[in-house]
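In what follows, a single structure is set out as structure tokens and then discussed.
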Amino acid sequence: MLPLKLDRPLAVFDIESTGTNRKTDRIIELAVLKLTPDGKTEGHTFRVNPGMPIPAEATAIHGIRDEDVKDCPAFRDLAPRVAEVLKDCDLAGYNVLGFDIPVLAEEFARAGVPFEIEGRRVLDAQRIFHKKVPRDLPAALAFYCGEMHLDAHNAMADVQATLRVLQGEFNRYPELPRDLDALDAFCNPRDPRWVDRTGKFRWENGEAVINFGRKQGQKLRDVARLESSFLQWMLKSDFPPDAIAIAQNALRGQFPAPPAAPAG
């Protein structure tokens, strides 16, 4: 399988959904291939009733219609089982940082089931691909594997294709690290001044400050005290889950602890 040094399970997953809005669209299908350090794999596919009509433009992409999922359980009913499958796993997929992880985090939040992203390493085949040859999953499969992706947008087929692309990437780029810590750093370069993964908040003199928009440069604690509507707006907008959590905690009077100074 993949030439990785796994010290805990790696869950390679893909989502098919009602649309592309990470905040409001819902999961229709979730497929997971779980790779364990001892070389075993286990597959899981969940069909979900999204509780809303599936737009025709979404069906045109993945082929799933309202009648296909009308008798399927809602995500809130599946959430404990999905959380158990993903328990203690690092995560991998194609564009999982840009789409699948935020959508999944929103579904877990609506279901009231805890799902932490922090502490999980993330391997995104798209990030590796785009650093080398910017294209989409079918193009990646053709480029690295010489294959046509005939079942694009079938969740398990996309998972299998992602695994083949990752294998092709490791074959083509022997300089890629083989451990998840280094791969996580490669896929997700993070400025040490950032509080969150995408830099919506940054550290300044040991204080978390806003790092975008009209409040850029203002202390988080000042915004929470004087203009909490800005943070309330963040909660209703399409921000990554860790940025949402920081805003949510700030409204409760809880602020991030500054990073420890490097030893030496």
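Given the condition free of Cβ contacts under 8 Å to residues at least 60 places away in the same chain and either in contact with a His (Cβ under 9 Å, 6 or more places away or on another chain) or at positive phi (or both), answer yes or no: does some residue in the range 76-86 qualify?
yes
Has the range 149-162 got at least one residue that is farther than 24 Å from residue 7 by Cβ, touching a Leu at 6+ places or on another chain (Cβ under 6 Å) and not assigned by TED's automatic domain parsing to the domain that holds residue 216?
Within the range 149-162, one or more residues are farther than 24 Å from residue 7 by Cβ, touching a Leu at 6+ places or on another chain (Cβ under 6 Å) and not assigned by TED's automatic domain parsing to the domain that holds residue 216.
Being surrounded by 13 or more Cβ atoms within 10 Å (Cβ to Cβ) and charged (D, E, K, R) is the filter; apply it to the range 205-237 and report the residue that is modelled with the lowest pLDDT.
Here the answer is 215.
Being buried (at least 22 other Cβ atoms within 10 Å of the Cβ) and either among the acidic types (Asp, Glu) or part of a strand (DSSP E or B) (or both) is the filter here, so list the residues in the range 32-49 that pass it.
If the condition is that a residue be buried (at least 22 other Cβ atoms within 10 Å of the Cβ) and either among the acidic types (Asp, Glu) or part of a strand (DSSP E or B) (or both), then 32, 33 are the ones that fit.
With in the same structural domain as residue 179 (by TED's automatic domain parsing), crowded, with 16+ Cβ neighbours inside 10 Å, modelled with pLDDT of 95 or more and in contact with a helix residue (DSSP H, G or I) (Cβ under 7 Å, 6 or more places away or on another chain) as the only criterion, which of 100, 14 stands out?
The match here is 14.
Checking residue 162 against (1) among the polar types (S, T, N, Q); (2) farther than 23 Å from residue 47 by Cα; (3) in contact with a Phe, Trp or Tyr (Cβ under 6 Å, 6 or more places away or on another chain), which single condition isn't satisfied?
Residue 162 satisfies all of (1) among the polar types (S, T, N, Q); (2) farther than 23 Å from residue 47 by Cα; (3) in contact with a Phe, Trp or Tyr (Cβ under 6 Å, 6 or more places away or on another chain) except (2).
Grab the helices (runs of 4 or more DSSP H) fully contained in the range 112-179, keeping just those with 2 or more residues being under 22 Å from residue 83 (Cα atoms).
Qualifying helices (runs of 4 or more DSSP H): 155-172.
Taking the range 1-23 as the region of interest, how many residues are of a type outside the set (Gly, Ala, Ser) and either closer than 20 Å to residue 80 by Cβ or free of Cβ contacts under 8 Å to residues at least 24 places away in the same chain (or both)?
3
With outside any strand (DSSP E or B), of a type in the set (A, V, I, L, M, F, W, C) and over 27 Å from residue 238 (Cβ atoms) as the only criterion, which of 52, 1 stands out?
Exactly one of 52, 1 is outside any strand (DSSP E or B), of a type in the set (A, V, I, L, M, F, W, C) and over 27 Å from residue 238 (Cβ atoms), namely 1.
The values are calculated or read from the model by the stated rules, or taken from the named source; none is laboratory data. Every value quoted in this text rests on a predicted model; they were computed, and no experiment measured them. A quick note on method: Cβ atoms are made from the backbone with ideal geometry, for glycine too, and the neighbour counts reach across all protein chains shown.
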